[in-house]
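Enquirer: There's a structure below that I have some questions on.
The values are calculated or read from the model by the stated rules, or taken from the named source; none is laboratory data. Every value quoted in this text rests on a predicted model; they were computed, and no experiment measured them. A quick note on method: Cβ atoms are made from the backbone with ideal geometry, for glycine too, and the neighbour counts reach across all protein chains shown. All accessible areas refer to the heavy atoms of the entire protein, side chains included, with ligands and DNA or RNA removed. Shrake-Rupley method; radii C 1.70, N 1.55, O 1.52, S 1.80 Å.
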Amino acid sequence: MASVHCPSSEACQLFSHLMLLTCDGRLAYHGPTLQGIEYFSSLTYFCPEHYNPADFYLKLISFTPGGGAEAEGERMNLLSAS
């Protein structure tokens, strides 16, 4: 078990499972690393091609400065409810 903030794509490939928490500590994903991108795609959050999955996950579960608090909160609610 490891707790890593901003892992490289190389480091991310070493993990067999992920547990991702929203910025307010709620569970956003727990499961096999290779299925994370597919899972978030099913929620209409698509990782761009040739993009570091770790960066995609971090952006998805974090508040974006200037992103609009209401929209950001709705995203956190959706991620934790799913």
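Enquirer: Considering the range 1-53 alone, what residues qualify as being of a type in the set (Val, Ile, Thr) and either in a strand (DSSP E or B) or in contact with a strand residue (DSSP E or B) (Cβ under 8 Å, 6 or more places away or on another chain) (or both)? Working first, answer last.
Expert: Quick first cut of the range 1-53, residues of a type in the set (Val, Ile, Thr) only: 4, 22, 33, 37, 44.
Scanning the range 1-53 gives Thr22, Thr33.
Enquirer: Could you please find all residues in the range 34-50 being touching a Pro at 6+ places or on another chain (Cβ under 8 Å) and either among the β-branched types (Val, Ile, Thr) or open to solvent by 50 Å² or more (accessible area, probe 1.4 Å) (or both)? Steps first, answer last, please.
Expert: Initial filter on the range 34-50 (touching a Pro at 6+ places or on another chain (Cβ under 8 Å)): 36-37, 47.
Residue satisfying the conditions is Ile37 alone.
Residues are listed down the side, and each one gets a yes or a no for (1) touching a helix residue (DSSP H, G or I) at 6+ places or on another chain (Cβ under 7 Å); (2) β-branched (Val, Ile, Thr); (3) free of Cβ contacts under 8 Å to residues at least 40 places away in the same chain; (4) exposed (fewer than 13 other Cβ atoms within 10 Å of the Cβ):
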site: Gly25; (1), (2), (3), (4): no, no, yes, yes
site: Gly31; (1), (2), (3), (4): yes, no, yes, no
site: Asn52; (1), (2), (3), (4): yes, no, no, no
site: Gly68; (1), (2), (3), (4): no, no, yes, yes
site: Leu78; (1), (2), (3), (4): no, no, yes, no
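Enquirer: So, one more: Give me the residue from the range 54-66 that is of a type outside the set (A, V, I, L, M, F, W, C) and surrounded by fewer than 16 Cβ atoms within 10 Å (Cβ to Cβ) and, out of that set, farthest from Asp24 (Cα to Cα).
Expert: Restricting attention to the range 54-66, the residues satisfying the condition of being of a type outside the set (A, V, I, L, M, F, W, C) are 55, 57, 59, 62, 64-66.
Checking the rest, the ones that are also surrounded by fewer than 16 Cβ atoms within 10 Å (Cβ to Cβ) come to 59, 62, 64-66.
On the way: Lys59: 14, Ser62: 9, Thr64: 13, Pro65: 15, Gly66: 17 Å.
Per the criteria, the residue is Gly66.
Enquirer: Here's another thing I want to ask about it. Going by the structure shown, is Glu70 in a helix (DSSP H, G or I), among the charged types (D, E, K, R) and either more than 21 Å from Met1 (Cα to Cα) or out of contact with any Ser or Thr (no Cβ under 8 Å at 6 or more places or on another chain) (or both)? Give the derivation first.
Expert: Working: in a helix (DSSP H, G or I): yes; among the charged types (D, E, K, R): yes; either more than 21 Å from Met1 (Cα to Cα) or out of contact with any Ser or Thr (no Cβ under 8 Å at 6 or more places or on another chain) (or both): yes.
Judged against the criteria, Glu70 is a match.
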